[in-house]
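What follows is a short report on a single structure.
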Amino acid sequence: QRWKNEIDRNLEKADLILLLVSPDFIDSDYCWERELGRAMERHDSGQAQVVPIFIRPVEWSGAPFGAVQGLPKDALCVTEWGNEDAAWRNVVQGLRALIEEIKERKSRLETPTPAKSIQQALTEDIERLDEQYNRDDTSEPNGISTGFIDVDRMIDGLKKGELVVVASRPSMGKTGLVLNIAASVAADLLPVLIFSTKNSAADIAQRMLVSTARLRYHDYSRGLMADDDWVKLTHAIQKINGWQLEIDDTVDLSIEYLRKQCLSYVGKWGAVPLVVIDSITYINSGERKKDGICQSLKMLAKELSTTIIVTAPVSREVEMRINKRPMSGDVAAITDSVDEADVLAFIYLDHRYNPDSIDKNAAELIISKNRFGPMGTIRLSYHAEYGLFLNFQGSSTTVPHDAMAGNLEF
């Protein structure tokens, strides 16, 4: 057979593509320019999985596969191991685990979901309605609680298969808010997975510890601890030690990597009710258009039957308006977020723009899209020194969307 045609045909069909990295591979124009280019295109689009196998030492920094997890572990070449048989065993073990993930994913993709008649769909909906009607406590949200009473009332909690986008200008506390929600869910003994591209895992852990203990971040980082602070710290550590919460601070974050990691933790925990991604601007879109990331995240939320919360930036054009409260059109760099998000929320701190504001310790959470419920503005207490959002003191603080509409038109 004509080897070139066979290579091209198999490259297009493969689920798993192994790059046998050596000086010969790097020196081959055909491998480097043709095969590698097409392999990475299919990898970035999620059609295949590329795995570099490091066989012999060679300078490969800056290569297109440089950000892809390879084998053996730690990218140590087979010939550099003290025992080459042990190196190849490590390669095989890694490939077996990956092949099982690929098979499991393909089995779900290739198993068609049977269509339902309108009668079946209505029967299921009536059963759901009856279950809701007969609940003992109708004040509880259908989804997982965010830890904020008025937020739960408006969006009905965090529900399976939904994408929630939290956006703001810089220094408005969006990372703190999503970490507070993650802590609330984890405190209810539900598994949580956090992807942090902006901050290291140690920094995220520190921020969650400080907000849980209600310690001033600046004092804690400098070791300025009072006697009662040590008591708060000890109690917070004991509480956090009981959580099922993992932090992935991978810098080069792709949709395929997200899916792979999430599926791994679904296998480990049985389910991952909440996935938090901070921030969307650091997700590597590969060959995809940047404005298709939210669509991919929404599909992943449905596939995993989980809630995905992602933080996003707001355009600096907000700064040019008299009223600097963000609106849907202000979401920067992710134009499909308004279409794909089930909930789109903006954080606004009035005292950032008006130092004499009476709302020194208050934040507005503007729900500008809520696929299955009302929209409006919710007031929360905000304590920047702790990185902590709390329920606003007093009665319900939800402002109907219509009441804000006039102000939002500036």
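Of everything listed in (1) open to solvent by less than 10 Å² (accessible area, probe 1.4 Å); (2) over 22 Å from Ser264 (Cα atoms), the single unmet condition for Asp156 is (1).
Screening the candidates Asp248, Asp252 for the property of being in contact with a helix residue (DSSP H, G or I) (Cβ under 7 Å, 6 or more places away or on another chain) and open to solvent by 10 Å² or more (accessible area, probe 1.4 Å) yields one hit, Asp248.
I'd like the full set of residues that are among the basic types (Lys, Arg) and outside any helix (DSSP H, G or I), limited to segment 338-365. Correct list: Lys360 only. Tell me yes or no: at least one residue of segment 58-75 is at pLDDT 85 or above, buried (at least 18 other Cβ atoms within 10 Å of the Cβ), in contact with a helix residue (DSSP H, G or I) (Cβ under 7 Å, 6 or more places away or on another chain) and not in a helix (DSSP H, G or I). Yes; the residues of segment 58-75 include at least one that is at pLDDT 85 or above, buried (at least 18 other Cβ atoms within 10 Å of the Cβ), in contact with a helix residue (DSSP H, G or I) (Cβ under 7 Å, 6 or more places away or on another chain) and not in a helix (DSSP H, G or I).
For segment 323-336, which positions are at pLDDT 90 or above and surrounded by fewer than 22 Cβ atoms within 10 Å (Cβ to Cβ)? Steps first, answer last, please.
Taking segment 323-336 and keeping what is at pLDDT 90 or above, we get 323-326.
Result: Asn323, Lys324, Arg325.
Selection within segment 46-57: residues that are assigned to a loop (DSSP other than H, G, I, E, B) and under 30 Å from Gly292 (Cα atoms). The member of this set that is least open to solvent (accessible area, probe 1.4 Å) is Ala48.
Scanning segment 231-238 turns up no residue that is in contact with a strand residue (DSSP E or B) (Cβ under 9 Å, 6 or more places away or on another chain) and not charged (D, E, K, R).
Contact map, segment 304-322: first residue under 21 Å from Ile283 (Cα atoms) and open to solvent by less than 40 Å² (accessible area, probe 1.4 Å), second residue assigned to a loop (DSSP other than H, G, I, E, B) and of a type in the set (Val, Ile, Thr), Cβ cut-off under 9 Å, separation 6 or more or different chains; pairs are Leu304/Val272; Thr306/Val272; Val310/Ile334; Ala312/Ile334; Pro313/Ile334. Of all residues in segment 12-45, those being open to solvent by less than 30 Å² (accessible area, probe 1.4 Å), out of contact with any strand residue (DSSP E or B) (no Cβ under 6 Å at 6 or more places or on another chain) and under 18 Å from Leu98 (Cα atoms) number 3. When Leu129 is tested against (1) more than 30 Å from Ile237 (Cα to Cα); (2) touching a strand residue (DSSP E or B) at 6+ places or on another chain (Cβ under 9 Å), just one condition goes unmet, and that condition is (2).
Considering segment 259-275, the residues that are farther than 11 Å from Val192 by Cα and of a type outside the set (Lys, Arg) include one that is nearest to the chain's Cα centre (by Cα), namely Gln261. Ile149 fulfils the conditions (1) farther than 25 Å from Tyr282 by Cβ; (2) open to solvent by 40 Å² or more (accessible area, probe 1.4 Å); (3) without any contact (Cβ under 8 Å) to a residue 24 or more places away in the chain except for a single criterion, (3). Here Asp85 meets each of (1) under 28 Å from Trp32 (Cβ atoms); (2) loosely packed, with under 10 Cβ neighbours inside 10 Å; (3) at pLDDT 90 or above with one exception, condition (1).
The values are calculated or read from the model by the stated rules, or taken from the named source; none is laboratory data. Here the structure is a predicted model, which means the values were calculated and not measured. Here the Cβ is made from the backbone with ideal geometry for all residues, glycine too, and neighbour counts use every protein chain on show. For the accessible areas, the whole protein counts, side chains as well, though only heavy atoms, and no ligand, DNA or RNA atoms are used. Shrake-Rupley method; radii C 1.70, N 1.55, O 1.52, S 1.80 Å.
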